[in-house]
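Quick notes on the structure that follows.
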Amino acid sequence: MGITPNGTGALTIYSLHQRELQTLAVYEKLHGIKCGTFGATALNHRHLATGDYKGVMNIWDVEVADVPLYSAQAHKSIVNAIDGCGGQNSGNGTPEIVTCGQDGCVRVWDVRVAEPVVTLAFKEQDIGHDCWTVCVGNSYNNSERCIVSGYENGDVKLFDLRTNSVRWETNCQNGVVHVQFDQKNSEMNKLLVTTLDSKFRVYDLQTLHPEKGFTCITEKAHRSIIWQGHFLPQNRDLFMTSGGNGGLNLYKYHHPLSRTAKDADGRLYGVCGTVELLNSRVLSTQPIVSMDWSPDCEGFCALACLDKTVRVYIVTDTNKL
């Protein structure tokens, strides 16, 4: 997915055959494509939800992606990020798509209706900030679901869809580039946040202190913007970050002996573990702006760089780490 030099959208479908990527289909769309997700579709349907540079959210059947199955004006301008939940045979809750945009809004979509089911926006008297990233998780039954959004001013907000309220918020002092739960379809456990200042944070989401909030551990990486951070679906203590230096870093999160402690007033607060750098490799001279793991083949990952390449790598022995 991407944008061509003349501003139209590029959507190319590949198949991995042995050691080669084979092109199955090439589509040109009216507007450049900024983001996409399969998160709200069943694996056998292959419906791709995308957000474009004109604020439109479309859903495509990748088998025949000439005309969208669903289309909505999601935001006033660029759809910066998109995520989905309830699909991929998870069985928990209604399939929903979450988008965030340059207009600072976060919207939740049920594709059975034309309008968003939830809209999170700044009050008119407040200064709105560009929302750069969004993710959905805590979907461990049919009623629970949470959204995390990250903003250009460093704000991170956790919104509970069941109670329709902001459960927690903090500020990272620098633009938030990417956020992700360690697993979507289980009780929220860890949150990975990457920022412009070459740092990532891992928050322990099991214990919320009324004053301190969630505790986190902060690490420097890549000596440049950390564009992405993704937990391995088969092991939520392993995660990969991609940087502006064209590199990938593989980490393992080690839990502490006890995940909680008590303050002077006897209230519980979270205790963070440590992260271990397992491997680091520079793959390109240009930033790796997108990457994701395969949910089926453990260790397989696909990534896209600003050198206009798409690459597939395998991380071996992840089941032994």
Among E96, E63, E211, E219, rank each residue by its count of other Cβ atoms within 10 Å, from fewest to most, as a rough exposure measure.
E211, E63, E219, E96
Full-stretch length increase - Q206, T94 - with 0.36 nm per residue and alpha-carbon distance subtracted:
37.9 nm
Dipole of the chain, Cα-centred, from +1 at each Lys and Arg C-beta and -1 at each Asp and Glu C-beta, to the nearest 20 debye?
460 debye
Quick one: if you stick a label point 7 Å off each Cα along the C-beta vector at A114 and S224, how many nm between them?
4.5 nm
Could you work out the relative contact order of the chain, using alpha carbon pairs under 8 angstrom and six or more residues apart, expressed as a whole percent?
8 percent
Here are some pairs, K34/K76; K212/K252; K190/K212; which of them have Cα atoms lying more than 20 Å apart in this structure?
K212/K252
Most mobile of L24, L69, L283 per a Gaussian network model of the chain (Cα springs, under 10 Å)?
L24
Rounded to whole Hz, the Karplus (6.51, -1.76, 1.60) HN-Hα couplings of region 195-206, x for glycine and proline
9, 5, 8, 6, 10, 10, 10, 10, 9, 8, 9, 7
Give the calculated FRET efficiency between R236 and T12 to the nearest 0.05, with a Förster radius of 30 Å applied to their Cβ-Cβ distance.
0.50
Roughly how many Å is it from the Cα centre of region 245-311 to that of region 165-215, as a whole number?
13 Å
At a 4.7 angstrom Cβ threshold, list every cysteine in the chain that has nobody to pair with, or say none.
C35, C85, C105, C135, C146, C172, C216, C272, C297, C301, C305
Using only the Cα atoms of the chain, what are the Rg and Dmax in Å?
19.1, 62
Please rank S165, S290, fewest neighbouring Cβ atoms within 10 Å first, as an exposure proxy.
S165, S290
In whole Hz, the Karplus estimates of ³J(HN,Hα) for region 312-321 (6.51, -1.76, 1.60; θ = phi - 60°; x where Gly or Pro) are 10, 10, 10, 9, 7, 6, 5, 6, 9, 7
FRET efficiency, E20 to S294 (Cβ-Cβ, R0 25 Å, nearest 0.05):
0.90
Whole-Hz ³J(HN,Hα) from phi, Karplus 6.51 cos²θ - 1.76 cosθ + 1.60, for region 244-249, glycine and proline x:
x, 7, x, x, 10, 10
For R267, R281, what ranking results if the residue with the fewest other Cβ atoms within 10 Å of its Cβ goes first?
R281, R267
How many nm is it between the label spots at S77 and D160, if each spot is 7 Å from the Cα in line with the beta carbon?
3.4 nm
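Quick note: the coordinates plus some simple rules give every number you see, no bench work behind them. Model, not experiment: these values are computed from the prediction. Cβ atoms come from the backbone with ideal geometry, glycine included; neighbour counts cover every protein chain shown.
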